[in-house]
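*Asks:* Structure provided below as structure tokens; questions to follow.
Derivation of every value follows stated rules applied to the coordinates shown; laboratory data play no part. Remember, predicted model here, so these are calculated numbers, not experimental data. Don't worry about glycine lacking a Cβ; one is built from the backbone with ideal geometry, like all the others, and counts go over all protein chains shown.
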DNA sequence: ACGTGTCGGATCGTTGAACGACGTGTGGTG
DNA sequence: CACCACACGTCGTTCAACGATCCGACACGT
């Protein structure tokens, strides 16, 4: 058969249109990404004020675009804006932690138990990958890496549901919890105990024991919440 | 005992600090609310373009504040923005409907089954209220009212989880589905059959039969998705 | 000395205008 | 009929400016 250029071109166009190009334009979005990274990396600690003039000059953007980036991060609950006082890095309290974990205890076990991709090899592989990522980070004593891996693990769990919108919601919740972690202190001995539990959950999912896996996840989350709340109330300034 | 003014004042202060003041300011937010209402009410149909100059003049706000409102609604998936072409009312496709219902099939049954408020009288009362609201709207042949009540019903179901963040996420999903409804046509015979199913779910929840209620909700959602998809693919222009 | 009222500085919220960049449609040409 | 160039409209971004509001400091009266 002849290579039909027309048809080939159409196929290429279709492929491109489906694989949305990064579209990383929109300076406001890039500014938001940069700020979010600064926050989750811990370089901008909870409670600090983000003055508009200072950040405008520091990031070489106009005040309006900075405000647009701020608005996005406020919607993500990473920043909070107080009228006529400025925007601040959010400081999640015990109320917020409770609320987030109530949400996670609903979503994560259900995604494991009833997710449409809960028996999909590729989706399960991502769970296993996150576990491995955590183990190697721990072996290298890279505790920030362990925290990252833990986040990837829970995101992989939710992705078993196969819903983009649920994945995005979980990203927001996880980013918010990173803020709470910064308040409880360094993550050295906090994330370590969960390496084994992650492994156990992954193994159950791989074996198709979804009900047991879901129960383990629920127990896991209840325990994690209790520990965070304890750290938050015990180490209050 | 004497009325201790000091202690009374302290109690009042504590009460005030918990009851956050409304803080309904921010014109951009009001503009976003107005636009969102126009969209979900069906006065702005999916696909129409929202030119900035026209809406600036119509709503008597500056272009920057309008853009801020647009950004918020884009984040809520009610509008979509195409670079250098403008913002449009979102037109959810079958892919979006699938994604939303995958999310709902995870969240809603789990909220009924494992929600912390699933045996809370006040929370259950809100479910029953939504059912009654739908019945009286149907009796008055107010089908838009029936659609509203249906939305309230599912929101009440999710609120059994007791998580503010989950409630907000569900509000976004429900608003997005209203857009899809506008594409399938008038809601007369679409929402009517679900009045009985809503009633059945509410009854099961009231009886504490949470497992049965969750299963019914899951089946309910699968059926609803199938009908929407059928309408969307069958009545394609 | 303590609480109260007033004042000034600083910042935010909002506006209007401006310039460059990009997509779209039109019209001419082979 | 297909293809290319050009002009037009719109968005993305920036800037300067004006009120509105909040915070801190100071002076005053009790």
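*Asks:* Report, as an integer, the average count of C-beta atoms from other chains found within 10 Å of each Cβ along A:73-86. Please report the intermediate quantities before stating the final value.
*Replies:* On the way: counts 0, 1, 4, 1, 2, 0, 0, 0, 1, 1, 3, 1, 0, 0.
Mean inter-chain Cβ contacts per residue within 10 Å come to 1.
*Asks:* Same structure again: Compute a Gaussian network model of chain B, connecting alpha carbons closer than 10 Å, and tell me which residue from B:54, B:200, B:83 fluctuates the most.
*Replies:* Between B:54, B:200, B:83, it is B:83 that shows the largest mean-square fluctuation.
*Asks:* Residues in the stretch A:164-179 near a label at residue A:144, defined as backbone nitrogen under 17 Å from the 7 Å Cα→Cβ point?
*Replies:* A:175, A:178-179
*Asks:* Next question. Taking every pair of Cα atoms in the stretch B:27-89, average 1/r, invert it to obtain the Kirkwood radius, and report Rg/Rh to two decimals. Walk me through the numbers on the way to the answer.
*Replies:* Working: Rg = 10.4 Å, Rh = 11.4 Å.
Radius of gyration over Kirkwood radius for the stretch B:27-89 works out to 0.91.
*Asks:* Can you give the Rg/Rh ratio of the stretch B:15-144, where Rg is from the C-alpha atoms and Rh is the Kirkwood radius?
*Replies:* Values: Rg = 19.1 Å, Rh = 18.2 Å.
Dividing the radius of gyration by the Kirkwood radius yields 1.05.
*Asks:* Starting from the Cα-Cα distance between residue A:81 and residue A:33, subtract it from 0.36 nm times their residue separation and give me the gain in nm to one decimal.
*Replies:* Numbers: separation 48, 0.36 × 48 = 17.28 nm, distance 1.78 nm.
Additional length available on full extension: 15.5 nm.
*Asks:* Would you look at the GNM of chain B, springs on alpha carbons closer than 10 Å, and say which of B:119, B:183, B:36 moves the most?
*Replies:* For chain B, modelled as a Gaussian network with Cα springs under 10 Å, the answer is B:119.
*Asks:* Moving on. Please report Rg (one decimal) and Dmax (integer) in Å for the Cα set of the stretch A:94-234.
*Replies:* Computed over the Cα atoms of the stretch A:94-234, radius of gyration and Dmax are 14.1, 42 Å.
*Asks:* The stretch B:188-230: D in µm²/s via Stokes-Einstein (Kirkwood Rh, Cα pairs, 37 °C, 0.692 mPa s)? Write down the numbers at each step before the final one.
*Replies:* Numbers: Rh = 10.9 Å.
D = 302 µm²/s.
*Asks:* Using only Cα atoms, locate the centre of the stretch A:163-177 and the centre of the stretch B:166-211, then give the distance between them in Å, rounded to an integer.
*Replies:* Each part's Cα centre sits 24 Å from the other's.
*Asks:* Which Cβ of chain B lies nearest the axis of the rotation superposing B onto A, and at what whole-Å distance?
*Replies:* In chain B, the Cβ lying nearest the symmetry axis toward A is B:110, 2.
*Asks:* Per DSSP H run of n ≥ 4, the term is -39500 (n - 2.57); total these for chain A, divide by its residue number, and report the mean residue ellipticity at 222 nm rounded to 500 deg cm²/dmol. Let's see the in-between values first.
*Replies:* On the way: 11 runs with 169 residues, N = 237.
Mean residue ellipticity at 222 nm (helix-derived): -23500 deg cm²/dmol.
*Asks:* Which three semi-axes in whole Å describe the equivalent ellipsoid of chain B, each the square root of 5 times a Cα gyration tensor eigenvalue, listed largest first?
*Replies:* Values: eigenvalues 214, 177, 47 Å².
Equivalent-ellipsoid dimensions as semi-axes: 33, 30, 15 Å.
*Asks:* For chain A, what does the relative contact order come out to in percent, with C-alpha contacts under 8 Å and a separation of six or more?
*Replies:* Values: 245 pairs, mean separation 51.1, N = 237.
Across chain A, relative contact order equals 22 percent.
*Asks:* Another one. Can you give me the convex hull volume of the Cα atoms of the stretch B:125-171, divided per residue and expressed in Å³? Display every interim value, and only then the final one.
*Replies:* Values: hull volume 2.2 nm³, N = 47.
Dividing the Cα hull volume of the stretch B:125-171 by its residues yields 46 Å³.
*Asks:* Then there is this: Got the residue B:188 label distances to the other copies yet, label 7 Å along Cα→Cβ, in nm, shortest first?
*Replies:* Result, one decimal in nm: 7.2.
*Asks:* Using the 7 Å Cα-to-Cβ label point, sort the distances from residue B:168 to its equivalents in the other copies shortest first and give them in nm to one decimal.
*Replies:* Going from nearest to farthest copy, the values are 1.4 nm.
*Asks:* Per residue of B:161-170, count partner chain C-beta atoms within 10 Å of its C-beta, then hand back the mean as an integer. Numbers along the way, then the final one.
*Replies:* On the way: counts 6, 5, 11, 7, 11, 9, 2, 3, 9, 0.
If you average over the peptide's residues, the count of other-chain Cβ atoms is 6.
*Asks:* Based on the Cβ-Cβ distance from residue B:74 to residue A:196, what FRET efficiency comes out when R0 is 41 Å, to the nearest 0.05? Write down the numbers at each step before the final one.
*Replies:* Numbers: r = 42 Å, r/R0 = 1.03.
About 0.45, to the nearest 0.05.
*Asks:* Using only alpha-carbon positions, what ratio does the radius of gyration of the protein assembly as shown give when scaled by 2.2 N^0.38 Å?
*Replies:* 1.05
*Asks:* Can you pull the percent of Cα pairs in the stretch A:153-237 with separation above 16 Å? Display every interim value, and only then the final one.
*Replies:* Values: 2145 of 3570 pairs.
For the stretch A:153-237, the share of Cα pairs beyond 16 Å comes to 60 percent.
*Asks:* Distance between the C-alpha centers of the stretch B:58-108 and the stretch B:109-151? Whole Å please.
*Replies:* Here the two parts' Cα centres lie 26 Å apart.
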